[in-house]
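First the structure, in the form of structure tokens, and then the observations on it.
The values are calculated or read from the model by the stated rules, or taken from the named source; none is laboratory data. All of these numbers come straight from a predicted model, not from anything done at the bench. Cβ: placed from backbone, ideal geometry, glycine included. Neighbour counts: every protein chain shown.
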Amino acid sequence: MQNEGQELDILLIEDNPNDAELTLRALRASVAGARVAHVDDGVKALDLIFGARGLAGRTAGKLPRLILLDLKLPKVDGLEVLRRIKGDERTRGVPVVVLTSSKEERDIRESYLLGANSYLVKPVGFDEYLAAVREACRYWISLNQRPVAKQAV
């Protein structure tokens, strides 16, 4: 995980250690120098974003530039994490890419209804997985234009 106080590029919320390592490897290969944090359950994710280590000491400009979110998480599931992120005015603008193994139509529909910016089903092969993560990050980190955060008055 990155050092506290540093600006965060990507927050990976993934409980499966193999998928997390594969995603982190793909991120290192495709987004050089990105500051990445990884948490393995929904409670830790919400704490990092909203809790004592999160918004309490972080300005809107210090929010992650991208969140990669698995849906099948322990403690608090990914849909609830997504609901909280997109339901809060302070975090609503953070792009959330659902990166999950679920192809269930209800998960896809619910994710988009809750405000997911993209829904990717995890490819099985390493090269395909690497390409999917690389393209998603390339778009959301490099190509996508975000508004400048408002300064506190």
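Here are the numbers:
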| quantity | calculated |
| --- | --- |
| Selection status of Glu105, free of Cβ contacts under 8 Å to residues at least 24 places away in the same chain and closer than 17 Å to Leu12 by Cα | no |
| Whichever residue in segment 8-30 is of a type in the set (A, V, I, L, M, F, W, C) and not in a helix (DSSP H, G or I) and, among such residues, is farthest from Lys122 (Cα to Cα) | Leu8 |
| Residues located in segment 16-34, provided they are in contact with a strand residue (DSSP E or B) (Cβ under 9 Å, 6 or more places away or on another chain) and modelled with pLDDT of 90 or more | Asp19, Ala20, Thr23, Leu24 |
| Verdict on Val76 being without any contact (Cβ under 8 Å) to a residue 60 or more places away in the chain and of a type in the set (Val, Ile, Thr) | yes |
